[in-house]
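Encoded as C-alpha cells, the structure appears first; notes follow it.
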Amino acid sequence: MMLSILYPLFAITSFFSCNSTAPVPHEEEAFSITLQEGYELPYEFMNPVDRFELDDVLGEISGLSLIGKENLAAIEDETGVVYILNKKGKITRQYDFFPKGDFEGVEIVGDKVYVVKSNGDIYDIKNMGKDDQDLKIIETPLNKAANIEGLGFDKSNNRLLLAAKGKMAKDSTFSRSVYGFDLKTEKLAEEPVFTIDLAQVQDYLNSGKPVKYLEKISEKLNPAEGGFTFAPSGIAVHPITKNYYLISSVGKMMMVISPKGDIIHIEKFKKKIHQQPEGICFEKDGTLWISNEGKNGAPTLLRYEFKR
C-alpha cells in the first residue's frame, strides 16, 4: 500500500483573515496523510463553503445530526435539551428531555431521537416535542472509562455507532474503539465495530521515506511516547462512500476509516478554522457539517461541499 502526503496549506482564506497579512506566531501547521493509493479527500478543509457563529447557549455543543432536509439537531454537554437549528445555525426550536447530564452525541433515526451519555447510556426519545413524548434510558455494558463522545447512525447495518475517547480496561493496551448498538435487538455488540490501529501509520513514519513535518506528525501520532492526540469526539458514516469519519477535539484532527476498519486518511485541522471540533454529520448528497465548541470565541457551524 503506497502512502502519499498532501502537504499543508499555509494561508487562511480571506473568509477568516483580518486586514493584517502578518503571519500568526506559533500557528500550528495543518497536514494531510493519505494511506490508500488513489484516494483523494473529497473535502477542502481550509475552505468551508459556509461558516456560522452559533448562539452562546451552544458554547459547549457536543453533538450534531441531520433532521429532515432543512434542519440540524444539536445538543450541548450539560443539559438534556435537543436544539433544532436551521442551515444558518439559528435555533428555531428546542425540546427538553432530561434535567442535566454529560450528553455527548445526538442522532435522528426515523421518528426517534437518540442521545448518548459519556458513560454509554442511550436516551431513546420517542415523539419528541409532542404531548406524548416518551423517554427510555438504555444502559449498555460501557462505562465512564470508555468515555463515549461520539454517536452516529450506520444505516446499512441498522445500528448506532458509539465512539470511545477512552478505553474499557485499565490494563488494556492503547486503543480507540467504536462500538455498535443494534437498533432492532437494542443490544451492544460484544466486539467493537473497529479499533483504530496506528501500526500502518507508524510503519510509514519509521520507513525512512522523506516526509515533510515528520517530527511534528510523529509527535501527534506516537502513542509509545504518549503523544497520540486523537480521541474521538464525533463520528458519522459517509452516505455515498460508506467510510467512517471520526473527528477529535483533542489535537484538532480527523480520520477517515474504511468499512473494513482500515485508516484511509488522517487530517490535522487548522486551529483557526476548527478550534474544537465536536459534532459531525452528512446530508444525503455528501455535504458535510462540523460544529465546534466556543473555545476562546463563539461556537461555530461549518459546511463543506462534497467533491465527486
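Any read-out appearing in this document is the output of simple, stated calculations on the displayed coordinates, not a laboratory observation. Everything numeric here is computed off the predicted structure, so don't read it as measured data. Cβ atoms come from the backbone with ideal geometry, glycine included; neighbour counts cover every protein chain shown.
Which of the residue pairs Lys242/Lys270; Lys69/Lys307; Lys144/Lys270 have a Cα-Cα distance greater than 28 Å in the structure shown? In this structure, Lys144/Lys270 exceed 28 Å between Cα atoms. Between Lys272 and Tyr39, the simple spin-label model (points 7 angstrom out along Cα→Cβ) gives 2.8 nm.
Taking the alpha-carbon distance from Lys271 and a cut-off under 13 Å, which aspartates and glutamates remain once sequence neighbours fewer than 8 residues away in the same chain are dropped? Lys271 reaches Glu27, Glu28, Glu29, Glu293. May I ask you to derive the FRET efficiency for Ser156 and Asp56 from their Cβ-Cβ distance with R0 = 35 Å, giving the value to the nearest 0.05? In this case the efficiency is close to 0.40.
Amide H to amide H distances under 5 Å link Ser62 with Ile75, Glu76, Asp77, where only residues 5 or more positions off or on other chains count and H is placed in the peptide plane.
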